[in-house]
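Asks: Pasting a structure below so you can have a look.
Since every read-out is calculated from the coordinates, none of them should be taken as a lab result. What you are looking at is a predicted structure, and each value in this text was computed from that prediction instead of being measured. Here the Cβ positions follow ideal geometry from the backbone for every residue, glycine too, while neighbour counts run over all protein chains shown.
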Amino acid sequence: MTVNTDWWSRASVILTGIYVLLTAALVAVGFFGVRYARKSLQAIESQLKEMRSQVAQMEQSGKQTDELIKQATNNAVAAKENADAALLNAQAVINAERAWIFCEICSDSSHGNDWRFTNHGNTPAEIVGLQLERRSLELAATLSDPPHYGHNQLAHPRFIAPNGGFWNHPAIDFIQEISDQERNALSQRKIKLWLYGRITYRDVFQAENALPHETRFCFFYEANSNDFVDAGPGEYTKQT
């Protein structure tokens, strides 16, 4: 019985020692774990603080960027407005100085009923095309839209100085070329005879590849007065 008691006493001491060692180990692990966790938490808090600072800086930079964009946009709008104003001024100067070709049918003693084309601008014009057409229509009928123009009747380009002009073959020839039936209908006011055309030209301000200007003109023949009246739809009388 004495031997057994000593053995259990020793075993109890050994087990108690092991328990104490395990407890100490757990305490040590817990201590270092808590310490590591605190350091990790502090590192996370430091990173979070730094991130918040970066976000604040980014927000401030964003505000500055928005302000810069706003200023740049305002500057661009102002620059465009200035450029548009300068372009309008330049175009106004060009329009005041460029060539402008007008057409009329003159009935003076020296030329009869001739087409006359005059440059009313302040610079020369180069005439590059001339088209003349005739249409007989019933009184209630209207000219086709858009107008149809035939072949170019100008063999070679020609220049017109400011306030200068040139004459074309008599407009009355168009009347003489109509048939007897048309002439009778014209005298009885059953039809209306339209004479129209287009002259195209360049001015000294245009680039070589630019489309030429054009002047469209339109008249109808008044049989009773043997005269031509300047009239016609907008597409037949416009200028560029």
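Asks: Tally Lys and Arg at +1 and Asp and Glu at -1 over the other residues with C-beta under 13 Å from the C-beta of Gln91: what net charge comes out?
Replies: Numbers: positive: Arg98; negative: Asp84, Glu97, Asp203.
Result for the neighbourhood of Gln91: -2.
Asks: Let me check I've understood the local charge: for Glu45, count other residues with C-beta under 12 angstrom from its C-beta, Lys and Arg +1, Asp and Glu -1. What total comes out?
Replies: So the surrounding residues net to +3.
Asks: GNM, the chain, Cα, under 10 Å: largest mean-square fluctuation among Ile14, Ile69, Ile178?
Replies: With Cα springs under 10 Å in the chain, the top fluctuation among Ile14, Ile69, Ile178 is at Ile14.
Asks: Using DSSP to define loop residues, name the chymotrypsin sites (Phe, Trp or Tyr not before Pro) in the stretch 108-167 whose beta-carbon has at most 10 other beta-carbon atoms within 10 Å.
Replies: Passing both the DSSP loop test and the Cβ count: no residue.
Asks: While we're here: Angle check, please: helix 2-97 long axis (alpha carbons) against the longest principal axis of the chain (alpha carbons), in degrees 0 to 90, nearest 10.
Replies: 10
Asks: What are the extents of the Cα atoms of the stretch 112-240 along their three principal axes, listed from largest to smallest and rounded to whole Å?
Replies: So the extents along the principal axes, rounded to whole Å, are 50, 31, 23.
Asks: What ratio of Cα Rg to 2.2 N^0.38 Å holds for the chain?
Replies: Ratio of Rg to 2.2 N^0.38 Å for the chain: 2.80.
Asks: Where does the charge balance sit around Arg135 when Lys and Arg score +1, Asp and Glu -1, over other residues with C-beta under 12 Å from its C-beta?
Replies: -1
Asks: Can you list the lysines whose alpha carbon sits under 24 Å from that of Lys238, skipping same-chain ones fewer than 8 residues off?
Replies: Once the sequence-local lysines are set aside, what remains near Lys238 is Lys192.
Asks: Another one. At 0.36 nm per residue, minus the direct Cα-Cα distance, what do Gln206 and Leu21 gain on full extension? Give it in nm, one decimal, please.
Replies: Residue separation times 0.36 nm, minus the Cα-Cα distance, leaves 56.2 nm.
Asks: Here's something else I'd like to know. Output the relative contact order of the chain, whole-number percent, from Cα pairs under 8 angstrom with separation of 6+ residues.
Replies: 16
Asks: How many percent of the alpha carbon pairs in the stretch 1-97 exceed a separation of 24 Å?
Replies: The share of Cα pairs beyond 24 Å in the stretch 1-97 comes to 70 percent.
Asks: Put a dot 7 Å past each Cα toward the Cβ at Ser12 and Asp180; how far apart are the dots in nm?
Replies: Placing both labels 7 Å beyond Cα along the Cβ direction yields 15.9 nm.
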